[in-house]
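One structure is given below, encoded as structure tokens.
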Amino acid sequence: MKSFADYSSALASFVKGHVKEYLYAIAAYLVISCIVFWPILRNPAQVVVNGGSDMFQSLWNLWWVNYAVFTLHTSPYFTNLLYFPIGANLVTQTMTPLAAILTAPFQLVSLGLAYNVIFFVAFVLSGFFTYLLADHLVKNKYAAFIAGVIFAFSPMHIAQAFGHLNWTSIEFVPLFTLFFLLMMKDNKKLIYALGAAIAFVLTCFVGDL
């Protein structure tokens, strides 16, 4: 029986053999993202998409999670900065906690830059992970690339991107689906189950429950 290390090595070899293909796909989705949202690139540290009041809420969410965790050393799911002195329960709030923590270094520059980083990553990876899923299903890289464009730049995704960071970060849904299908096809490979689990957690907390 093969060990987990053997499967990890096989997966690493597979990725290495396809690295050029994957880089081309990622670059293509990045170029499309830059074309669609080109006004942001003029000043990515200060300019974000115009999502009205929801945008301010998403920016606050990014700031609050890191402030609660790293400065106050408390749970980000409750704050007394709202409805003081009673405070507010944020369990059902669209917190995107992992997105906030992952963008912590960029928040040192500005909240706008942090938001834009996770924003563009969401579109690029939505396309790329859908490309991987579609290529697995149809075995046609051109069709898979088009599938990635359709998913990443669908009207619903772009509309929700204007202020709703939790709905923008849908990139791990196709990745979870891919690992889940691989796991069902060969349930002896633990790495597929682990990949599905990680993708599920990322779906829930880079976005929100």
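General remarks:
- Residues that are among the small types (Gly, Ala, Ser), over 30 Å from VAL69 (Cα atoms) and not in a helix (DSSP H, G or I), drawn from the stretch 104-155: SER154
- Test for ASN187: is it part of a helix (DSSP H, G or I) and either at positive phi or modelled with pLDDT under 90 (or both): no
- Of all residues in the stretch 75-104, those satisfying the criterion of being open to solvent by 70 Å² or more (accessible area, probe 1.4 Å) and either at positive phi or over 21 Å from the mean Cα position of the chain (by Cα) (or both) are PHE78, ASN80, LEU81, TYR83, PHE84, PRO85, ILE86, ASN89.
- Selection of first residues in the stretch 108-134 that are over 18 Å from PHE145 (Cβ atoms) and of second residues that are open to solvent by 30 Å² or more (accessible area, probe 1.4 Å) and among the acidic types (Asp, Glu), restricted to Cβ pairs under 8 Å at least 6 apart or on distinct chains, gives an empty result.
- Taking the criterion of being more than 19 Å from GLN107 (Cα to Cα), open to solvent by less than 80 Å² (accessible area, probe 1.4 Å) and modelled with pLDDT of 90 or more, the residues of the stretch 31-73 that qualify are ILE32, SER33, CYS34, VAL36, PHE37, PRO39.
- Restricting the stretch 153-209 to residues that are more than 19 Å from PHE120 (Cβ to Cβ) and polar (S, T, N, Q) leaves a set whose member that is least open to solvent (accessible area, probe 1.4 Å) is THR177.
- Positions within the stretch 60-98 being in a helix (DSSP H, G or I) and out of contact with any helix residue (DSSP H, G or I) (no Cβ under 9 Å at 6 or more places or on another chain), in sequence order: TYR67, ALA68, THR71, LEU72
- Scan of the stretch 136-148 for residues that are within 21 Å of SER33 (Cα to Cα) and either in contact with a strand residue (DSSP E or B) (Cβ under 6 Å, 6 or more places away or on another chain) or open to solvent by less than 80 Å² (accessible area, probe 1.4 Å) (or both), ordered by number: ALA143, ALA144, PHE145, ALA147, GLY148
- Selection within the stretch 177-209: residues that are over 23 Å from GLN93 (Cβ atoms) and aromatic (Phe, Trp, Tyr). The member of this set that is nearest to the chain's Cα centre (by Cα) is PHE179.
The values are calculated or read from the model by the stated rules, or taken from the named source; none is laboratory data. The shown structure was predicted, so the numbers you read here are calculated from the model rather than taken from an experiment. In this analysis, Cβ positions are derived from the backbone assuming ideal geometry, glycine residues included, and neighbour counts consider all displayed protein chains. To get the accessible areas, we keep the full protein, side chains included, count just its heavy atoms, and leave off ligands, DNA and RNA. Shrake-Rupley method; radii C 1.70, N 1.55, O 1.52, S 1.80 Å.
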